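Okay, handing you the structure first.
The values are calculated or read from the model by the stated rules, or taken from the named source; none is laboratory data. Computed from a prediction, not measured in an experiment: that's the story for all the values here. With ideal geometry, Cβ positions are generated from the backbone for all residues, glycine too; neighbour counts draw on all protein chains shown. What goes into the accessible areas is simple: the full protein's heavy atoms, side chains included, and nothing from ligands, DNA or RNA. Shrake-Rupley method; radii C 1.70, N 1.55, O 1.52, S 1.80 Å.
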Amino acid sequence: MAAMDTSADPEEDPMQAAFDAASELQGAAKSDALVAILTGFADAPLGEAGVRLKEDCIYALATLNVGSGNFDFVVGLLSTAAPFFALVAKAKVAKIVRRLLEIVGESGPGTLDLQADLCGRVIAWCVAEKRTFLRQRVECRLVAIDFERAKYDAALTLVNRLLRELKKLDDKQLLVETHLSEARLHAALQNIPKAKAALTAARANGNAVYVGPSLQAQLDEMSGTLHCEEQDYHTAHSYFLEAYEGYDGLDDGPRATRCLKYMLLCQILQEPEPGSARSATASLDAATAAATSKQYVKYAGPQLDAMAGVARAAKARSLEAFEATTSRYGAELQADLLIKHHLGLLYDTILENNLAKIIEPFSCVEIDRVAELIALPKPKVEKKLAQMILDKKLTGVLAQGEGRLMLHTEPNEDPTYEASLAVIKNTADVVESLFGRAEALDS
């Protein structure tokens with residue numbers, strides 16, 4: 001007699017069935033079904049599988065509504081999920097909230113205001129629930145968002161308060177991230193000494209804990225930025241290369257492209273090292289070649305094309321080509337504070353070299369003629385000439401009433417005069433010394 005098969009199929013979890021059914025829906029119907037799963041099933045015991053399903057519901061709801069532009073729903077998702085949050089561990093809630101912020105952040109830079117609003121609501125919720133660790137994490141993220149929104153004063157106020165709290169708790173990991181944000185803020189405000197101090201503090205705290213590849217790349221990028229602001233382009237290039245390799249290894253395309261742009265910027269701006277046989281245009285040629293090389297082909301696009309155009313204009317010392325490049329690639333070149341600042345310095349250098357070349361053969365020249373030759377408005381040329389005179393890059397005066405620039409021949413310094421003055425000074429010192437000794441003998 002054959003044995004009877006007593007095995008039975010395990011009963012399907014109703015929450016899992018509801019989630020699978022909701023996954024097949026679209027739009028508002030899917031959103032409503034996921035909300036029902038998140039807020040429902042209160043009578044059944046919530047096991048590990050149930051927690052995971054409700055967590056997936058939150059992520060799916062955030063992704064769905066961010067994609068459809070329904071940001072108000074995303075902001076209110078914390079209130080919707082509050083009963084679920086009360087049933088799970090604080091560490092799990094912190095993970096869910098951080099992932100929720102990441103989903104909103106991945107939607108693009110146009111949602112910065114939404115991210116700030118969401119961070120504000122999370123911070124208020126953390127204060128009410130007395131979740132200090134999560135609040136500090138979210139405040140650190142809010143600092144980064146305010147930096148992107150160029151609200152530097154608000155970000156500095158928040159970062160200073162946050163640093164005082166973190167130093168008491170001695171949270172090294174979060175101190176590294178917060179000091180790095182502080183360095184970025186001071187660098188954006190051109191307060192380089194404070195930015196260097198903040199970066200030094202970040203690295204000092206980083207020595208005591210494990211610093212992941214992404215954070216290490218960010219520290220190297222910040223170091224390169226500060227060296228670039230100090231016009232030490234050789235050292236800055238080395239740091240940007242380290243940061244680029246870190247981001248490239250993590251497949252972080254946007255950040256790798258940004259560091260690659262900074263590397264090209266350093267090559268464009270750097271002068272040959274003393275004693276080097278390398279010509280002044282070698283770095284410009286290298287920058288142009290790098291921007292179009294096969295090594296960086298996966299990052300090719302308008303960003304690198306813009307830097308290649310700048311390199312070609314700098315090599316030609318052509319203001320017309322420079323302005324054409326900045327006009328064509330305005331979005332790529334003007335959106336970044338570091339590149340915008342240093343391209344302004346490069347433009348001034350090219351302008352000064354062109355003006356010096358035009359007026360070099362003359363002792364007196366009409367400003368109108370200089371403006372005509374360089375194809376720039378007269379007020380702009382006049383202002384730049386006055387600045388060059390004040391900076392002692394030109395020896396002359398502007399006769400504004402006559403509209404002329406009168407140049408003076410730089411006097412040749414004769415070393416005999418300096419030597420004679422030194423002899424006279426030493427002789428005076430000897431006489432004073434002898435006179436003092438004579439007075440001492442008389443007494």
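Could you grab me the full set of residues in the stretch 124-139 that are open to solvent by 70 Å² or more (accessible area, probe 1.4 Å) and not in a helix (DSSP H, G or I)?
Passing the criteria: only Lys130.
So which of Arg121, Arg99, Arg161 is open to solvent by 20 Å² or more (accessible area, probe 1.4 Å) and modelled with pLDDT of 90 or more?
Arg161
Considering only residues that are crowded, with 17+ Cβ neighbours inside 10 Å and more than 14 Å from the chain's Cα centre (by Cα), which ones fall in the stretch 219-235?
Hit for the stretch 219-235 is Tyr233, nothing else.
Pull out all pairs, ordered by first then second residue, where Cβ-Cβ is under 7 Å, the residues are six or more apart or on different chains, the first lies in the stretch 241-258 and is touching a residue at least 12 places away in the same chain (Cβ under 8 Å), and the second is basic (Lys, Arg).
Tyr247/Arg255
What number of residues within the stretch 327-336 satisfy the criterion of being in a helix (DSSP H, G or I) and in contact with a helix residue (DSSP H, G or I) (Cβ under 6 Å, 6 or more places away or on another chain)?
3
Looking at (1) in contact (Cβ under 8 Å) with a residue 12 or more places away in the chain; (2) assigned to a loop (DSSP other than H, G, I, E, B); (3) open to solvent by 50 Å² or more (accessible area, probe 1.4 Å), can you tell me which one Lys392 breaks?
Failing condition for Lys392: (1).
Can you spot a residue in the stretch 48-69 that is without any contact (Cβ under 8 Å) to a residue 24 or more places away in the chain, within 20 Å of Asp20 (Cβ to Cβ) and assigned to a helix (DSSP H, G or I)?
yes
Checking Leu46 against (1) touching a Leu at 6+ places or on another chain (Cβ under 7 Å); (2) over 21 Å from Glu139 (Cα atoms); (3) open to solvent by less than 20 Å² (accessible area, probe 1.4 Å), which test does it fail?
(3)
Is one or more of the residues making up the stretch 298-310 out of contact with any helix residue (DSSP H, G or I) (no Cβ under 9 Å at 6 or more places or on another chain) and outside any helix (DSSP H, G or I)?
The answer is no, given that none of the residues of the stretch 298-310 is out of contact with any helix residue (DSSP H, G or I) (no Cβ under 9 Å at 6 or more places or on another chain) and outside any helix (DSSP H, G or I).
Inspect all residues belonging to the stretch 222-239 and state whether any of them is under 30 Å from Leu346 (Cβ atoms), polar (S, T, N, Q) and in a loop (DSSP other than H, G, I, E, B).
Checking the stretch 222-239: at least one residue is under 30 Å from Leu346 (Cβ atoms), polar (S, T, N, Q) and in a loop (DSSP other than H, G, I, E, B).
While we're on this one: Select from the stretch 164-218 the residues that are of a type in the set (S, T, N, Q) and closer than 22 Å to Leu260 by Cα and write down the one among them that is least open to solvent (accessible area, probe 1.4 Å).
Ranking the candidates gives Ser181 first.
Right, something else. Can you say whether Met15 is surrounded by 12 or more Cβ atoms within 10 Å (Cβ to Cβ), at pLDDT below 85 and more than 30 Å from Lys151 (Cα to Cα), as far as the supplied structure shows?
Spelling it out, Met15 is indeed surrounded by 12 or more Cβ atoms within 10 Å (Cβ to Cβ), at pLDDT below 85 and more than 30 Å from Lys151 (Cα to Cα).
Also, quick follow-up: Out of (1) outside any helix (DSSP H, G or I); (2) surrounded by fewer than 17 Cβ atoms within 10 Å (Cβ to Cβ); (3) of a type outside the set (S, T, N, Q); (4) touching a Leu at 6+ places or on another chain (Cβ under 7 Å), the odd one out for Val365 is which?
(2)
Out of Ser31, Ser107, Ser79, I need the residue that is outside any helix (DSSP H, G or I) and either touching a Ser or Thr at 6+ places or on another chain (Cβ under 7 Å) or among the polar types (S, T, N, Q) (or both). Which one?
Result of the check over Ser31, Ser107, Ser79: Ser107.
Looking only at residues in the stretch 256-275 that are outside any helix (DSSP H, G or I) and open to solvent by 60 Å² or more (accessible area, probe 1.4 Å), which one is modelled with the highest pLDDT?
Only one residue tops the list, namely Glu271.
Here is a follow-up. Which condition does Asp305 not pass, out of (1) crowded, with 17+ Cβ neighbours inside 10 Å; (2) modelled with pLDDT of 85 or more; (3) within 22 Å of the chain's Cα centre (by Cα), if it passes all the others?
Of (1) crowded, with 17+ Cβ neighbours inside 10 Å; (2) modelled with pLDDT of 85 or more; (3) within 22 Å of the chain's Cα centre (by Cα), only one is false for Asp305: (1).
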